[in-house]
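The values are calculated or read from the model by the stated rules, or taken from the named source; none is laboratory data. No experiment lies behind these values; they were computed from the predicted model shown. Glycine also receives a Cβ, built like all others from the backbone with ideal geometry; neighbour counts cover every protein chain displayed.
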C-alpha cells in the first residue's frame with residue numbers, strides 16, 4: 001500500500017476540482033488561505049479561473065456571477081469572511097444560485113485567533129443571513145472527508161440550486177495526515193437540470209411536483225433573468241402575497257423536505273451502552289478514541305458522528321438515540337449544536353461537553369463526561 | 001436593428017427623471033451596435049438605477065447594493081464573449097467604492113454607467129458620495145461636512161483606461177455610450193442627471209446648470225492615454241494557459257521496516273525561522289516510507305519570522321483518530337519561544353520520553369531522559385537545527401531510521417537543497433545523554 005500526506009485544505013481544493021469546479025474566488029484569511037493557493041495552482045492550467053477579490057464581498061460576488069454563467073464555483077474563508085459574505089449568501093439562497101462555500105472555522109468571536117481552531121460558526125452558517133431560509137452544511141472530520149464531502153457538496157449545490165457549506169476547522173484544514181488516495185472518491189458529477197424543450201423559459205418556474213427550477217446559464221441563447229428582489233417564476237419583482245408565499249415555501253421545503261436524503265452520519269452502536277456520544281468535525285475523532293477507551297473500561301458508549309449538520313438529520317438522530325439513557329453532545333464551542341439535539345430529542349437527558357479555547361477536546365475529557373457527567 | 005426595450009415593462013421613473021432618457025439612449029446605443037439581446041447582460045444593483053435591467057430584453061442580473069461590478073466580473077470571466085453593461089447610482093458607487101477602485105485597476109472589459117443624480121432617490125433623498133456640500137438633502141446638515149467625490153479623477157487615479165464625465169442631456173449621449181461599450185477594457189461613465197422626485201425639489205438644478213458645472217471641471221472624454229494596457233480577461237487567459245498542470249499527490253509505498261510497533265508522538269519546539277514545520281513534514285514523509293500512518297499538527301503565531309514555531313507529529317501503525325499529543329515519545333527543544341509556549345508539557349513527561357535538547361536551549365525539569373546535541377559547536381546554522389535533530393533521531397534509532405529520513409528528504413527537496421540536507425543529517429554528531 002502507498003500513502004500520501006495531505007492537509008484538509010488541499011483535499012478540499014482537489015475534491016472541488018474533481019467535482020468540476022472551474023471558478024474560484026477568495027480573499028486571503030488564515031486558516032483558509034491554502035485553499036486559495038491550491039486553487040490558484042490547479043484551475044488556470046485547466047482553463048478555469050481563480051481570482052483574489054478585493055475583499056470577501058467581491059470574492060463571493062464574482063462566484064455568483066460565474067455560477068449564473070453556468071460554471072461550478074467555490075469560495076473559501078473563515079468566520080470573519082462569512083460575516084462579510086452574509087448578504088451575498090442570502091442572495092444565493094433566495095435566488096437559488098449554486099455555490100460551495102468552505103468555512104475554515106477559527107477561534108472567535110470577531111477577529112479572534114487566526115491560527116486556533118473552533119467550531120463556533122455552526123449556528124451562524126445556518127442562520128447568519130437575512131430571511132431565515134435553510135442551507136446545507138457538511139462537516140468533515142478528516143482529510144478524506146474534506147475531499148469526499150466537498151465533491152459531494154458540488155453535486156448538492158447543483159441539484160438543489162443552493163449554497164452548500166463545508167464547515168471545516170483549522171485543526172483539519174491545516175493538519176496534514178496520511179491517506180490512501182483510493183479512499184478519495186468524488187461521486188459522478190451532477191449538472192444543473194436544463195428545462196424541458198418546447199416551453200417558454202421562466203427562470204424560477206418549477207414543473208408540477210418539482211422543487212427546484214431548471215437552470216439555463218446567463219449568456220446563452222435564451223434570455224435569462226436573475227434578481228435579488230422577491231420574485232415570481234418570471235424573475236421579475238412581485239408584490240403578490242400568494243406568489244411570494246409559493247416561492248419562499250418552495251425554497252424552504254426543497255431543503256427541509258430533503259433532510260433524510262441529505263443526511264450523512266456514521267453510527268457506531270455498541271451492546272450494553274447507556275450513553276450516545278454525538279459529535280461532529282474534528283471532535284468526532286476524540287469522541288471515537290473516547291468510545292474505544294470506554295469499551296476497554298467496560299463502560300461502552302455508542303457513537304454518532306454527524307456529517308450533515310444542516311438540515312438537521314432529525315430521523316437518524318432519533319433512531320440512534322432510541323432507548324439510550326443519555327446523549328452527550330461534544331463540540332468545539334460553548335454550546336451550539338446541542339440546542340438542535342435538545343429540540344430533536346425532547347424529554348431525553350442531554351449532556352454537553354464543549355470547549356472553545358484553541359485546544360482540541362481530548363478523549364479523556366469526553367470519557368470523564370460520560371462516566372461522571 | 002430593433003429596439004431591445006421590453007414593451008411589456010416600460011420605464012417607471014418619475015416624470016422628468018434623467019434615468020428615463022438614459023434608458024432610451026442606451027437602447028439606441030445597442031441598436032447602433034447591432035447587438036441582439038442574447039449577447040448583452042445588464043447588471044444592476046439597488047436604487048432607481050437598479051430598475052434598468054427590467055426594461056431591456058437582454059440577459060439580466062440584479063443584485064445587492066453596490067456589488068453589481070462583482071457579479072459583472074464573474075460573468076465576464078466566465079463568458080468573455082458577452083457584452084456586460086453595469087448600471088449604478090451615486091449611492092451604489094459610494095457603498096461599492098472598493099469594487100470601483102478594483103475594477104479600474106483590473107481593466108476587465110465592462111462598461112459602468114454611474115447614473116449620478118447626487119442623492120439617494122428611493123430612500124428619501126439622503127446625501128450620497130457625490131452630493132454637493134451646499135445642497136439641501138434629506139440628511140440634515142451632514143452633507144455640509146463632507147466633500148463630494150470626483151468619480152472620474154478617482155477612476156483615472158485607480159487606472160481606468162476609459163473615463164467619461166458628461167451630462168445625461170448631452171445631444172450625442174447615445175454615441176458616447178456606444179463608444180464606451182465598444183472600448184475593449186473597463187470604461188466608466190459618470191453621467192450627471194436630474195432627480196425630480198427628490199433632489200431638484202429642494203435644489204435648483206437644470207440641464208443648463210449641469211452643463212455649466214461640468215464646463216468648470218477638467219474634462220474626461222474617453223481614452224485615458226496613460227492608463228492604456230492589456231484587457232484583464234485576455235491577459236489572464238494567456239498567463240493561465242502557460243501554467244503547468246499540478247500533478248496528483250505523491251503516493252509513497254512502504255519500503256522500510258518501522259521503528260517500534262506502537263503510536264509514537266514527537267513534538268518539535270522551536271522558534272520562527274528554524275524551519276520547524278518543514279522538518280515536521282519530513283518526519284511524516286519518513287514515516288510513510290515505513291508504512292506508518294502519520295499526522296502533523298502545527299501551532300504558530302500570526303507573526304512570520306518571530307515567535308514560537310511548534311510541530312506535533314504522530315506516527316502509528318494503527319489508524320490515527322485523535323490528533324493531539326497524549327504521551328510524547330520525543331520532545332525536541334530547539335528554541336526558547338517554543339519551549340516557553342509548552343512549558344507545562346514537561347512536568348507530565350515520563351522516563352520513556354526522550355528530550356532532545358539543542359545546544360543551550362534551557363528546558364524545564366522533568367522525568368524524561370535528556371539528550372544534548374551541541375548544534376552551535378558543530379557549526380550548524382539555526383535554520384537547520386530542526387533538520388539536524390531529525391538526523392540525530394535517525395542515528396539514535398528513535399522514531400525513524402536513516403534510510404527513512406533520506407528517502408523523505410528526496411521526496412521534499414531537489415538539487416543543492418537535497419545535497420545540503422543530506423550532508424547535515426549525515427554529519428550531525430548524535431550527542432550524548434545528560
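Quick rundown of the values:
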{"read-out": "The one condition in (1) within 9 Å of chain B (Cβ to nearest Cβ); (2) more than 25 Å from residue B:102 (Cα to Cα); (3) at pLDDT 95 or above that residue A:88 fails to fulfil", "value": "(2)"}
{"read-out": "Filter result (crowded, with 24+ Cβ neighbours inside 10 Å and in a helix (DSSP H, G or I)) within the stretch B:79-103", "value": "B:90, B:91, B:92, B:93, B:99, B:100, B:103"}
{"read-out": "The stretch B:91-114 - residue that is touching a residue at least 60 places away in the same chain (Cβ under 8 Å) and more than 13 Å from every other protein chain (Cβ to nearest Cβ) and, of those, farthest from residue A:217 (Cα to Cα)", "value": "B:114"}
{"read-out": "In the stretch A:139-161, the residues that are under 13 Å from residue A:67 (Cα atoms) and buried (at least 24 other Cβ atoms within 10 Å of the Cβ)", "value": "A:154, A:157, A:161"}
{"read-out": "Hits in the stretch A:139-184 - residues which are in a helix (DSSP H, G or I) and within 14 Å of another protein chain (Cβ to nearest Cβ)", "value": "A:143, A:144, A:145, A:146, A:147, A:170, A:171, A:172, A:173, A:181, A:182, A:183"}
{"read-out": "Conditions (1) surrounded by 20 or more Cβ atoms within 10 Å (Cβ to Cβ); (2) within 7 Å of chain A (Cβ to nearest Cβ); number of the one not met by residue B:283", "value": "(2)"}
{"read-out": "Condition check for residue B:65: closer than 17 Å to residue A:65 by Cβ and at the interface with chain A (Cβ under 8 Å from one of its Cβ atoms)", "value": "no"}
{"read-out": "Only one of B:273, B:324, B:262 that is within 12 Å of chain A (Cβ to nearest Cβ) and not in a helix (DSSP H, G or I)", "value": "B:324"}
{"read-out": "Matching residues, the stretch B:112-156, being in contact with a helix residue (DSSP H, G or I) (Cβ under 8 Å, 6 or more places away or on another chain) and in a helix (DSSP H, G or I)", "value": "B:151, B:154, B:155, B:156"}
{"read-out": "Residues of the stretch A:223-233 satisfying the condition of being facing another protein chain (nearest Cβ under 10 Å), in a loop (DSSP other than H, G, I, E, B), free of Cβ contacts under 8 Å to residues at least 60 places away in the same chain and closer than 15 Å to residue A:96 by Cβ", "value": "A:229"}
{"read-out": "Single unsatisfied condition, residue A:275 versus (1) over 30 Å from residue B:77 (Cα atoms); (2) at the interface with chain B (Cβ under 9 Å from one of its Cβ atoms); (3) buried (at least 21 other Cβ atoms within 10 Å of the Cβ)", "value": "(2)"}
{"read-out": "When residues of the stretch A:205-222 are limited to those that are within 13 Å of chain B (Cβ to nearest Cβ) and crowded, with 21+ Cβ neighbours inside 10 Å, the one farthest from residue A:95 (Cα to Cα)", "value": "A:219"}
{"read-out": "Yes/no for residue A:360 being assigned to a loop (DSSP other than H, G, I, E, B) and within 14 Å of another protein chain (Cβ to nearest Cβ)", "value": "yes"}
{"read-out": "Odd one out for residue A:128 among (1) under 17 Å from residue A:16 (Cβ atoms); (2) surrounded by fewer than 24 Cβ atoms within 10 Å (Cβ to Cβ)", "value": "(1)"}
{"read-out": "Residue count for the stretch A:35-58, restricted to those that are farther than 24 Å from residue A:87 by Cα and touching a strand residue (DSSP E or B) at 6+ places or on another chain (Cβ under 7 Å)", "value": "5"}
{"read-out": "Elements of type helices (runs of 4 or more DSSP H) contained in the stretch B:184-247, each with 1 or more residues being away from every other protein chain (no Cβ under 14 Å) and in contact (Cβ under 8 Å) with a residue 60 or more places away in the chain", "value": "B:199-202"}
{"read-out": "Output for the stretch A:14-48, where each listed residue is at the interface with another protein chain (Cβ under 10 Å from one of its Cβ atoms), out of contact with any helix residue (DSSP H, G or I) (no Cβ under 6 Å at 6 or more places or on another chain) and closer than 15 Å to residue A:104 by Cβ", "value": "A:30"}
{"read-out": "Number of positions in the stretch B:290-310 that are in contact with a strand residue (DSSP E or B) (Cβ under 6 Å, 6 or more places away or on another chain) and either within 10 Å of chain A (Cβ to nearest Cβ) or surrounded by fewer than 20 Cβ atoms within 10 Å (Cβ to Cβ) (or both)", "value": "9"}
{"read-out": "Filter result for residue B:75 (touching a strand residue (DSSP E or B) at 6+ places or on another chain (Cβ under 8 Å) and assigned to a helix (DSSP H, G or I))", "value": "yes"}
{"read-out": "Selection status of residue B:275, out of contact with any strand residue (DSSP E or B) (no Cβ under 7 Å at 6 or more places or on another chain), modelled with pLDDT of 95 or more and within 13 Å of residue B:399 (Cα to Cα)", "value": "no"}
{"read-out": "Test: residue in the stretch B:2-25 that is modelled with pLDDT of 95 or more, in contact with a strand residue (DSSP E or B) (Cβ under 7 Å, 6 or more places away or on another chain), away from chain A (no Cβ under 14 Å) and crowded, with 18+ Cβ neighbours inside 10 Å", "value": "yes"}
{"read-out": "Test for residue B:406: is it more than 19 Å from residue B:258 (Cβ to Cβ) and assigned to a helix (DSSP H, G or I)", "value": "no"}
{"read-out": "Residues (more than 11 Å from chain B (Cβ to nearest Cβ) and in contact with a strand residue (DSSP E or B) (Cβ under 7 Å, 6 or more places away or on another chain)) located in the stretch A:107-133", "value": "A:107, A:118, A:119, A:120, A:121, A:122, A:125, A:126"}
{"read-out": "The stretch A:185-204, subset within 14 Å of another protein chain (Cβ to nearest Cβ) and free of Cβ contacts under 8 Å to residues at least 60 places away in the same chain, residue farthest from residue B:291 (Cα to Cα)", "value": "A:200"}
{"read-out": "Test: residue in the stretch A:242-265 that is touching a helix residue (DSSP H, G or I) at 6+ places or on another chain (Cβ under 6 Å), within 14 Å of another protein chain (Cβ to nearest Cβ) and not in a helix (DSSP H, G or I)", "value": "no"}
